[in-house]
1. Six or more apart or on different chains, Cβ under 6 Å: which pairs go from a residue in region 1-21 that's open to solvent by less than 100 Å² (accessible area, probe 1.4 Å) to one that's assigned to a loop (DSSP other than H, G, I, E, B)? Could you list them?
2. Whether any residue in region 12-33 is closer than 28 Å to GLU294 by Cβ, within 16 Å of the ligand (Cβ to nearest atom) and at pLDDT 95 or above is what I want to check.
3. Checking ALA61 against (1) touching a residue at least 24 places away in the same chain (Cβ under 8 Å); (2) in contact with an Asp or Glu (Cβ under 9 Å, 6 or more places away or on another chain), which single condition isn't satisfied?
4. Being within 12 Å of the ligand (Cβ to nearest atom) and more than 13 Å from THR250 (Cα to Cα) is the filter here; which residues of region 203-234 pass it?
5. Can you pull out the helices (runs of 4 or more DSSP H) entirely within region 40-149 that have at least 1 residues that are under 28 Å from ILE366 (Cβ atoms), open to solvent by less than 60 Å² (accessible area, probe 1.4 Å) and aliphatic (A, V, I, L, M)?
6. Can you tell which of VAL369, VAL329 is open to solvent by less than 20 Å² (accessible area, probe 1.4 Å) and not in a loop (DSSP other than H, G, I, E, B)?
7. I'd like to check something: does region 305-315 contain any residue that is touching a helix residue (DSSP H, G or I) at 6+ places or on another chain (Cβ under 9 Å), of a type in the set (D, E, K, R), in contact (Cβ under 8 Å) with a residue 60 or more places away in the chain and under 28 Å from LEU139 (Cα atoms)?
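The values are calculated or read from the model by the stated rules, or taken from the named source; none is laboratory data. Model, not experiment: these values are computed from the prediction. Every residue, glycine among them, receives a Cβ derived from its backbone with ideal geometry; neighbour counts consider all protein chains shown. Ligands, DNA and RNA are stripped out before the accessible areas are found, and what is left, the full protein with its side chains, is counted by its heavy atoms. Shrake-Rupley method; radii C 1.70, N 1.55, O 1.52, S 1.80 Å.
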Amino acid sequence: MKISINANRCEPSPMRKFHPFAVKANEAGKKIYHLNIGQPDLETPDVYYQAVRQFNQATLAYEASPGMPLLIEAIRSYYARLGVELDPDDILITTGGSEALLLTCLSILDPYTEVIIPEPYYPNYTTFVHAAGGVIRALHTGPEEGYHYANKKRIEKLITKNTRAIMITNPGNPTGVVLDESEMRMIADIAKKNDLFLICDEVYREFCYDDAYGVPTMGRFKDIDDNLVIIDSVSKRFSACGARVGCVITKNKELQQALLKFCQSRLAVATIDQLGAAALYQVDQDFYRRSKEEYRRRRDVVVDRLRKIPGVVVEEPMGAFYVMASLPVDDSDKFQRWLLEEFEDAGETVMFAPGAPFYETPGSGISEVRIAYVLKQEDLERAMDLLAKGIARYRAEQMNEE
Ligand SMILES: Cc1ncc(COP(=O)(O)O)c(C=O)c1O
């Protein structure tokens, strides 16, 4: 028996690969501050649970393959408020943004065709692209340039006859980079001029900490309707990761038909979760404001504390709820394992995501980490304290060994 080449080209998730070590550390009685996974801790709005409790159909039936009409309508109204007019057919409901990404890759890629993605990027993109047989052409950025990737020449240089798409995350995970209006326009123009799909993962849209950016979406550029694919989700916006509800949005009719075939083959997304998700879109505007303010405060705490650790290179992220930082350690993967196996301070330690798997280019990101600021302020402060102490002790141990 043989495992497929595509499966063998995929990697385990860097956010979850330390789980067995974390279990052992827990068993040994250590408390772990988890900054490794983008799992928001804010309460899911109660309207979700109310809607789920009110479900009273005698049979839990399949929903329609493109999604529950009630949810599609709720998403249309939400986009209309952002200034984006959508038809119901433009929206296909998926099991999270994750399935939206996978189905998009399956719909547009053939073996050895290429997707341009600025690195560091969300590592599961590798799995989605590789599952479809595609190849990632990474646009390299690093900590010293604040991970800014909106450079016309550098993007255009990566386009070949095999390029099918440009894929970006705005606001960015893991970097927190947010594109301004002219950068969004420039990338849209490149996609249009070169007849490429522009896959815009906008699941962190509401989390932009410079209010001048508003709530960014490529959806407002009407002239790229044929190129644009928006990836969206309720996971981060409404602190509802467990609902597993997202969507893929495109006005490209051919792509809609391709996506629909995949949607039909997996029959439907969970009925009750779609009902709950539709209710989430009824939250008042104040919910968005409060969530953003909370994450902005958390970002400030983390960046402020990181800047005080000698040798750390960090730039203030402008969006999402992650910060990428370069640490004064030889290898952040090794350091993370050491933090779980050998380090503790008053019975506590900390977890983050090591940087290398966020890069396609070999040798990149080895001393970098991604920190998800998804804990309340006092826990973040303690976690940063543990990180500072851990770095100091790790370096001292290494120097003694030399
Ligand atoms: C950039 C990005 N896109 C998509 C997803 C997928 O999220 P979900 O499948 O929960 O919607 C995530 C989750 O962390 C993400 O960070």
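1. ASN6/GLY133; PRO14/PRO123; MET15/ASN36; MET15/ILE37
2. Within region 12-33, not a single residue is closer than 28 Å to GLU294 by Cβ, within 16 Å of the ligand (Cβ to nearest atom) and at pLDDT 95 or above.
3. Result: ALA61 passes all but (2).
4. Restricting attention to region 203-234, the residues satisfying the condition of being within 12 Å of the ligand (Cβ to nearest atom) are 203-205, 207, 230-234.
Across region 203-234, the qualifying residues are VAL203, TYR204, ARG205, PHE207, SER233, VAL234.
5. Details: elements: 46-53, 69-81, 96-108, 124-131.
The helices (runs of 4 or more DSSP H) meeting that bar are 96-108, 124-131.
6. Details: VAL329 fails: not in a loop (DSSP other than H, G, I, E, B).
Matching residue, one of VAL369, VAL329: VAL369.
7. To start, the set of residues in region 305-315 that are touching a helix residue (DSSP H, G or I) at 6+ places or on another chain (Cβ under 9 Å) comprises 305-306, 308-315.
Going one step further and asking which of them are of a type in the set (D, E, K, R), we end up with 305, 308, 315.
Filter again for in contact (Cβ under 8 Å) with a residue 60 or more places away in the chain, leaving 305, 308, 315.
With under 28 Å from LEU139 (Cα atoms) added as a condition, the list becomes 315.
Yes, region 305-315 contains at least one residue that is touching a helix residue (DSSP H, G or I) at 6+ places or on another chain (Cβ under 9 Å), of a type in the set (D, E, K, R), in contact (Cβ under 8 Å) with a residue 60 or more places away in the chain and under 28 Å from LEU139 (Cα atoms).
Table: residues versus (1) polar (S, T, N, Q); (2) away from the ligand (no atom under 16 Å from the Cβ); (3) at pLDDT below 95.
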{"position": "LEU102", "(1), (2), (3)": "no, no, no"}
{"position": "ILE136", "(1), (2), (3)": "no, no, no"}
{"position": "PRO143", "(1), (2), (3)": "no, yes, yes"}
{"position": "GLU156", "(1), (2), (3)": "no, yes, no"}
{"position": "LYS161", "(1), (2), (3)": "no, yes, no"}
{"position": "ILE166", "(1), (2), (3)": "no, no, no"}
